[in-house]
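Asker: Mind having a look at this structure? Questions to follow.
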DNA sequence: TCACATTTTTAGGCTAGGCTAAAATATGTC
DNA sequence: GACATATTTTAGCCTAGCCTAAAAATGTGA
Ligand SMILES: [Mn+2]
Ligand SMILES: [Mn+2]
Ligand SMILES: [Mn+2]
Ligand SMILES: [Mn+2]
């Protein structure tokens with residue numbers, strides 16, 4: 001198996017599985033990886049044979065501890081590369097994801113750790129996602145909740161942005177929604193409708209899907 | 001075709017072809033790329049169909065102008081990455097070649113040009129090989145000759161080291177042979193035998209093959 | 001509990017980039 | 001100019017990673 005395919009499958013499984021490590025369907029993987037469902041079934045069998053996944057036919061897949069380690073190391077490389085591209089090479093934070101999606105498979109452990117050192121051992125990437133120390137595990141969403149699930153009226157601090165398209169990120173930044181910034185949910189339309197959010201002085205309508213990509217600190221003692 | 005295969009084949013052809021752009025045999029490519037000869041014939045046909053090479057069966061291959069451009073851009077990325085790994089990330093100059101061999105296919109034009117700017121637009125890599133400006137052509141061995149062809153007794157300045165193994169590079173550095181350093185050919189054994197070279201105070205015997213990897217300025221006005 | 005819609009896997013095929021063994025071509029020697 | 005030898009190409013095969021269409025398993029609701 002190519003490193004690229006292997007790492008992308010494990011990473012996608014990890015991200016879809018969540019902190020509670022619930023099983024992931026092959027169709028969810030297919031959608032996330034932009035490949036057909038039978039392609040996923042084929043790859044999943046190989047990854048299971050390698051001991052990186054557990055596959056229960058018709059049920060779904062789960063990462064083994066070994067698979068989880070590969071996934072976490074790949075995500076760590078991705079985030080360090082992103083931070084490096086922004087801090088050292090001056091690329092803009094909304095466009096580094098695509099570059100990192102390739103480079104995460106090409107940088108060696110030595111190179112990525114040197115990057116991390118040169119950056120001063122940062123603990124998060126340009127989108128607010130955590131960077132663990134070498135070989136450490138990753139706790140993704142400690143004390144965070146999506147803006148779509150956040151209480152109304154409370155002042156909240158933005159922790160991370162999960163949206164990957166540069167356009168979406170620039171749009172959110174234009175609204176004042178950036179990691180470390182403040183937002184308030186003013187009103188929530190019923191039936192999973194758009195949210196009215198306050199950021200700075202202004203009030204904006206925000207699609208519910210986009211609100212899921214915005215993670216805020218659950219308790220904001222601001 | 002994958003970018004990786006395409007770029008490595010064109011790069012190898014460029015390097016084996018030399019400044020006079022003489023035709024390259026498929027067996028020479030096979031040896032350089034560590035693949036079997038029939039694999040090269042197959043790839044060469046595809047690259048010729050893409051307009052990147054001209055293939056005359058049983059004779060050899062030559063790069064087209066388009067193929068040469070791809071080769072030069074790939075070599076440029078390789079050398080900028082090497083210099084960046086040494087200068088910014090602190091890797092040692094004898095071990096960056098292997099890293100660059102992978103990264104040269106993964107860094108985008110934007111990233112490599114930012115690296116070049118951050119480095120202060122260097123005109124050579126850690127081994128003394130030239131780095132052209134963006135989109136410029138490459139003149140590899142202007143006024144250089146291999147130590148194996150250099151005149152005896154004359155003080156020479158080392159321009160570049162073509163050897164790729166870290167062990168060989170460290171050995172040469174241990175002898176005092178580094179880009180920018182000085183050497184003198186004291187004696188040359190007949191039948192392409194070893195050379196006696198002077199570097200600093202000391203005198204060393206050097207294999208003729210290794211002497212081919214050392215390029216010196218043809219006229220040293222030192 | 002059984003029919004039906006949905007999800008997943010299997011079956012079979014394709015391209016890329018390798019391989020070995022056999023056939024074709026080129027070259028050096030007499 | 002003919003032949004032996006070396007080089008190169010062709011033929012046929014393999015694995016990886018993708019695809020579509022068909023078959024099988026799942027689970028829903030009457
Ligand atoms: Mn990736
Ligand atoms: Mn990120
Ligand atoms: Mn390469
Ligand atoms: Mn170099």
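Asker: Quick check on this structure: which one of A:11, A:15 is within 16 Å of ligand 1 (Cβ to nearest atom) and crowded, with 18+ Cβ neighbours inside 10 Å?
Answerer: On the way: A:15 fails: crowded, with 18+ Cβ neighbours inside 10 Å.
Of A:11, A:15, the one residue that is within 16 Å of ligand 1 (Cβ to nearest atom) and crowded, with 18+ Cβ neighbours inside 10 Å is A:11.
Asker: Given (1) within 14 Å of ligand 3 (Cβ to nearest atom); (2) farther than 27 Å from residue A:2 by Cα, where does residue B:12 come up short, assuming only one miss?
Answerer: So residue B:12 meets the others, but not (2).
Asker: Now for a different question. Is it true that residue B:61 is surrounded by 17 or more Cβ atoms within 10 Å (Cβ to Cβ), within 16 Å of DNA strand D (Cβ to nearest atom) and not in a helix (DSSP H, G or I)? Don't jump to the end; show me each part of the working.
Answerer: Details: surrounded by 17 or more Cβ atoms within 10 Å (Cβ to Cβ): yes; within 16 Å of DNA strand D (Cβ to nearest atom): yes; not in a helix (DSSP H, G or I): yes.
Here the answer is yes, as residue B:61 does meet what is asked.
Asker: Please specify each residue of region B:112-127 satisfying the condition of being surrounded by fewer than 18 Cβ atoms within 10 Å (Cβ to Cβ) and either within 16 Å of ligand 2 (Cβ to nearest atom) or more than 9 Å from chain A (Cβ to nearest Cβ) (or both). First the steps, then the outcome.
Answerer: As a first pass, look at region B:112-127 and keep what is surrounded by fewer than 18 Cβ atoms within 10 Å (Cβ to Cβ): B:117-124.
Passing the criteria: B:119, B:120, B:121, B:122, B:123, B:124.
Asker: Pick from region A:18-42 the residues that are surrounded by fewer than 20 Cβ atoms within 10 Å (Cβ to Cβ) and closer than 25 Å to residue A:106 by Cα: which of them is farthest from DNA strand C (Cβ to nearest atom)? First the steps, then the outcome.
Answerer: Taking region A:18-42 as the starting set, the residues that turn out to be surrounded by fewer than 20 Cβ atoms within 10 Å (Cβ to Cβ) are A:18-23, A:25, A:27-28, A:30-39, A:41-42.
Imposing the further condition that a residue be closer than 25 Å to residue A:106 by Cα reduces the set to A:30-35, A:39, A:42.
On the way: A:30: 8, A:31: 9, A:32: 12, A:33: 13, A:34: 15, A:35: 11, A:39: 8, A:42: 6 Å.
Ranking the qualifying residues of region A:18-42, first place goes to A:34.
Asker: Taking residue A:56, is it within 21 Å of residue A:29 (Cα to Cα), within 13 Å of ligand 2 (Cβ to nearest atom) and away from chain B (no Cβ under 14 Å)? Don't jump to the end; show me each part of the working.
Answerer: Values: within 21 Å of residue A:29 (Cα to Cα): yes; within 13 Å of ligand 2 (Cβ to nearest atom): no; away from chain B (no Cβ under 14 Å): yes.
No: the conditions fail for residue A:56.
Asker: With the condition kept exactly as written, say whether any residue in region B:103-111 is closer than 18 Å to residue A:118 by Cα and within 11 Å of another protein chain (Cβ to nearest Cβ). Talk me through it step by step, then tell me what you get.
Answerer: Within region B:103-111, the subset closer than 18 Å to residue A:118 by Cα is B:111.
So of that shortlist, the ones also within 11 Å of another protein chain (Cβ to nearest Cβ) come out as B:111.
Yes, there is a match, as at least one residue in region B:103-111 is closer than 18 Å to residue A:118 by Cα and within 11 Å of another protein chain (Cβ to nearest Cβ).
Asker: Restricting attention to region B:90-98, does a residue exist that is free of Cβ contacts under 8 Å to residues at least 24 places away in the same chain, on the phi > 0 side of the Ramachandran plot and within 14 Å of chain A (Cβ to nearest Cβ)?
Answerer: Yes; the residues of region B:90-98 include at least one that is free of Cβ contacts under 8 Å to residues at least 24 places away in the same chain, on the phi > 0 side of the Ramachandran plot and within 14 Å of chain A (Cβ to nearest Cβ).
Asker: Say whether the condition of being more than 12 Å from chain A (Cβ to nearest Cβ), under 19 Å from residue B:24 (Cβ atoms) and within 16 Å of DNA strand C (Cβ to nearest atom) is met by at least one residue in region B:75-85.
Answerer: No, region B:75-85 contains no residue that is more than 12 Å from chain A (Cβ to nearest Cβ), under 19 Å from residue B:24 (Cβ atoms) and within 16 Å of DNA strand C (Cβ to nearest atom).
Asker: For region B:30-82, which positions are in contact with a strand residue (DSSP E or B) (Cβ under 8 Å, 6 or more places away or on another chain) and within 16 Å of ligand 4 (Cβ to nearest atom)?
Answerer: B:71, B:79
Asker: To continue, here is another question. If residue B:133 satisfies all but one of (1) more than 10 Å from chain A (Cβ to nearest Cβ); (2) within 26 Å of residue B:70 (Cβ to Cβ); (3) part of a helix (DSSP H, G or I), what's the number of the condition it fails?
Answerer: (3)
Asker: If you check every pair at least six apart or on different chains, which have Cβ atoms under 7 Å apart with a residue in region A:35-52 that is closer than 16 Å to residue A:69 by Cβ first and a residue that is part of a loop (DSSP other than H, G, I, E, B) and at pLDDT 95 or above second?
Answerer: Between residues of region A:35-52 that are closer than 16 Å to residue A:69 by Cβ and residues that are part of a loop (DSSP other than H, G, I, E, B) and at pLDDT 95 or above, the close pairs are A:51/A:64; A:52/A:64.
The values are calculated or read from the model by the stated rules, or taken from the named source; none is laboratory data. Owing to the predicted nature of the structure, the values given are computational and were not obtained by experimental measurement. No Cβ is skipped: glycine too gets one built from the backbone with ideal geometry, and neighbour counts run over all protein chains shown.
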